[in-house]
Amino acid sequence: MDYCYRIILLFMFSAFSLVFLAQEDKTFHSLDSTVVLEEVTVNAYQTKSSLSRIPGSLSVLTGDAISAWDANSMAATINSLPGVYMQSGTYATSRIVIRGMGSRTPYNTNRIKFYLNDIPITSSDGVSNPEDINLHMIDRLEVVKGPASALYGSGLGGTINMSTAINRRTHTNAQIHYGAFNTMKADVQQNFKTDRFSFQAHLSAVNSDGYRENNHLKKRTALAAGDVKFKIFDIEYFLYATYLNAGIPSSLGKTDFETNPKEAAHNWKDVEGYKRYHKGVGGVSFVKQFNSNWKNKLILFGKWNDSYERRPFNNLDDASLGGGIRNKLTYHSSKSDVVVGLEWIADEYKWMIDKDDILLNKNREKRNHLNLFSAVYYRPTSKLNISLAAAYNTIQYKLIDEFYEDDDNSGSRSFPSMFSPRIGVNYALHKKIALYASVGHGFSLPSPEEALLPEGDINPHIKPEEGIQYELGTRLFLFDGKMEVDASLYWIELNNLLVTKRVSEDIFTGINAGKTRHKGAEVTILNRIFSYNQFPGQLTSNFSYTFSRNRFVDFTSDGMVYDGNLLPGIPRYMAQLSFQWAPIPSMSIDAQFQSVGNQYLDDANTASVSSYFFSNIKLSNRFQAFKGSSLTLYLGINNITNAHYASMVIVNAKSFGPAEPRYYYPSLPRHAYMGISWGF
């Protein structure tokens, strides 16, 4: 380890030396667009508008802020946003919670809908895998928080919209990254641009031994995207594919977590458990601008997944294939915007379970989900923006039991149609002060495991969970635009709470278990402290804070009453402060500090994890290599104080036999990385 840090110090010294040898060219440095306090245009409310006029809470990241750190995990990036909490157990296991929604999903992200270039990448049962996304390929990330079904269908927690970069010129970029735990990453991007045609290709490869036992990672991603302009319409195309092979160290009990966090769970280590999959999503969009007011965008898309997971209790072999249509017709004028659209997704999910080469289960499930949506934005004056939105959703599941050695568990289920309205208002009291308020309905569907009874047949009584969110906020633009403040209060009433119950080590089921109430406050402060071309240069800061109280209002499980208890798996608060300092135009020094409050681990509130604090730092320097090209060297250290904490927890973990309940995924210790990027 000492030898590694000596190399890093030498790298840092070399980077500083190159700074002063290089010519100071202002074109080599551009501030992160999320903290340069300019007017931000967003698309996440189904309409293109300035952020200051959006009638609801919204967080935006653009440009380098998305991949500001080591870019191997989305957690450091997305946790800079208020109301959003991403837990990262390994590079291949994570969970995102927004305003307390999604904390009970055991090993993935649910209750939140993801879009990539307007294509839904969340499966029709609501499960998303954000760890599949290569952050270097993403140029924009917008988060709509809380029930937003009137805008995007199923997703009580909210919606995360991601976009690849707009191709503006022909160029090439290549990057090599090396970090602790023998982590090596290579990226290459090629862009080609003419007046009528654009194409971008992005390939990435990551290999890592991992911090823990049985924690190896091999990941490959590929992106192809672009557009073709015709006289009558434009065509946009997009394809994203992922291959992953990752060891599963699983979670640990308290003793191993505290004394030997590098250890894998013994049962997973003994069988060398892993997951391996190929995934892809692609689509073609037909964009027609009828005139200055009317525009239509039709998207045809498809998705596939072929996965295998080796587990100590059995092996899961599953696959899915699906596709759909998304169409959005928009009208824009000086006083109003109207959006009318539909989204239809159909897919088929197959899975089979075996142990010791003996087949235990084999099923197919077909799903259909239709979402009809509409939104109207009316601006009677320059200060007032009123939004009315609604969506109508129909959902059907059909289960086909293909395991003929036991009872036939085939069946079908049509969930009640869902009508989700929303109203929002934004009023500018002054050019420096805007107020917004909204009320909206949302719902989330049960996952395949939650929709089945322990015996394997469809649960005819399970219902989608539903919620209503009340939100009030303000946006302030102070000190001649040098400071921006966004503060909001929210209150969410959730009914038919979906609870995933672990019946045995390998069997999960779902129940509707009462009501919860989510209350919280969120604050973001963006501040330009210095903006000089000479020393001390340019210094910006980004501060975010979330305080929440999420309680059971009416919840009884296994005869135990939990009314009034706090929901587990959600920190009481999160605070983040980051700085970006450019002492000279070619250099950037980024520092990030995060504090996360304590959280309960079970519904009874008898087990908990303490609050923790960690910090990251990164130095990068860009200099001219030769005419028309530049090199960027960077060095970073994560978890500078070497804090030991649980980077992900399993809510209501059960103990089997004499073993402790395995609640904890240990965090990475202090570790460093470095890399070089060449653009020309």
Using a 7 Å offset from the Cα along the Cα-to-Cβ direction at both SER531 and TYR331, what is the distance between the two label points in nm, to one decimal? 4.0 nm
What Kirkwood hydrodynamic radius, in Å, does segment 369-491 give when the mean of 1/r is taken over all pairs of distinct Cα atoms and then inverted? 18.1 Å
Kindly provide log₁₀ I(q)/I(0) values, in the same order as q = 0.17, 0.20 Å⁻¹, from the Debye equation applied to equal alpha-carbon scatterers of segment 78-129. -0.51, -0.70
Straight-line reach from LYS383: which aspartates and glutamates have Cα under 18 Å away, leaving out those fewer than 8 places along the same chain? GLU39, ASP337, ASP486
Within a Cβ distance under 13 Å of SER285, other residues only, what is the Lys/Arg minus Asp/Glu net charge? +2
With respect to the cross-link table entries LYS218/LYS515; LYS113/LYS185; LYS219/LYS362; LYS482/LYS618, which display a Cα-Cα separation exceeding 30 Å? LYS218/LYS515
Once you list every other residue whose beta carbon is under 9 Å from the beta carbon of HIS518, what net charge do they have if Lys and Arg are +1 and Asp and Glu are -1? +4
Proximal aspartates and glutamates relative to LYS627, as straight alpha-carbon distance under 13 Å, when same-chain residues fewer than 8 apart are discounted: ASP25
Let me check against my output: what whole-number percent is the relative contact order of the chain, with C-alpha pairs under 8 Å and at least 6 apart? 13 percent
Excluding residues fewer than 8 positions from LYS193 in its own chain, the aspartates and glutamates with Cα under 13 Å of it are ASP227
Sorted by chain and then number, the residues having a modelled amide H within less than 5 Å of the amide H of ILE570, at least 5 places away or on another chain, are TYR600
Mean separation of Cα pairs under 8 Å and 6+ residues apart, divided by the residue count of segment 185-279: what relative contact order is that in percent? 24 percent
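Tell me what the chain gives for mean residue ellipticity at 222 nm when only DSSP H runs of n ≥ 4 count, each as -39,500 (n - 2.57), the sum divided by the residue total, rounded to 500 deg cm²/dmol.
Details: 6 runs with 43 residues, N = 680.
Counting only the DSSP helices, I get -1500 deg cm²/dmol.
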Of every Cα-Cα pair in segment 267-326, the percentage lying beyond 13 Å is 71 percent
Quick shape summary for segment 529-611, equivalent ellipsoid via Cα gyration tensor, semi-axes whole Å in descending order, reads 45, 11, 7
Round to a whole angstrom and tell me the spacing of the C-alpha centers of segment 394-432 and segment 167-232. 34 Å
Residue order, fewest to most beta carbons within 10 Å, for SER414, SER438: SER414, SER438
How large is ³J(HN,Hα), in whole Hz, for each residue of segment 599-616 in order, when computed from phi with the Karplus curve 6.51 cos²θ - 1.76 cosθ + 1.60 and θ = phi - 60°, using x for Gly and Pro? 8, 7, 10, 9, 5, 6, 6, 9, 10, 8, 10, 6, 5, 8, 9, 8, 9, 10
Using θ = phi - 60° and the Karplus form 6.51 cos²θ - 1.76 cosθ + 1.60, what ³J(HN,Hα) does each residue of segment 63-74 get, whole Hz, x for Gly and Pro? x, 5, 4, 6, 10, 5, 9, 7, 6, 8, 9, 6
So for R0 = 45 Å, FRET eff. of ASN245-LYS48 from the Cβ-Cβ r, to 0.05, ends up at 0.65
Determine which residues of segment 143-182 fall in the zone a paramagnetic label at LYS295 would reach in this model, i.e. backbone nitrogen under 18 Å from the point 7 Å along Cα→Cβ. 161-168
Calculating log10 I(q)/I(0) by the Debye sum over Cα atoms at q = 0.08, 0.09, 0.10 Å⁻¹ from this structure picks out, from (i) -0.68, -0.86, -1.05; (ii) -0.61, -0.78, -0.99; (iii) -0.79, -1.01, -1.24, entry (ii)
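Tell me the Kirkwood radius of segment 103-154: reciprocal of the mean inverse pair distance over distinct alpha-carbon atoms, in Å.
Kirkwood radius, segment 103-154: 12.1 Å.
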Ranked on Cβ counts within 10 Å of their own Cβ, fewest leading, MET184, MET574, MET418 go MET184, MET418, MET574
Sort TYR532, TYR107, TYR404, TYR274 by Cβ crowding within 10 Å, fewest neighbours at the top. TYR404, TYR532, TYR107, TYR274
Which ³J(HN,Hα) values in Hz, rounded to whole numbers, follow from the phi angles of segment 165-173 under the Karplus curve 6.51 cos²θ - 1.76 cosθ + 1.60, where θ = phi - 60° and Gly and Pro get x? 5, 6, 7, 10, 7, 7, 6, 10, 9
If you take every residue apart from MET74 with its C-beta less than 15 Å away from the C-beta of MET74, what net charge results, scoring Lys and Arg +1 and Asp and Glu -1? -2
Let me have the relative contact order for segment 319-375, percent, based on Cα pairs under 8 Å that are six or more residues apart. 35 percent
Would you please give the FRET efficiency between VAL340 and LYS383, computed as 1/(1 + (r/R0)^6) with r the Cβ-Cβ distance and R0 = 22 Å, to the nearest 0.05? 0.25
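Computed from the coordinates by the stated procedures, all read-outs in this text should not be read as laboratory data. Quantities reported herein were computed from a predicted structural model and do not represent experimental measurements. Heads up, the Cβs are rebuilt from the backbone with ideal geometry, glycines too, and the neighbour counts pull from every protein chain shown.
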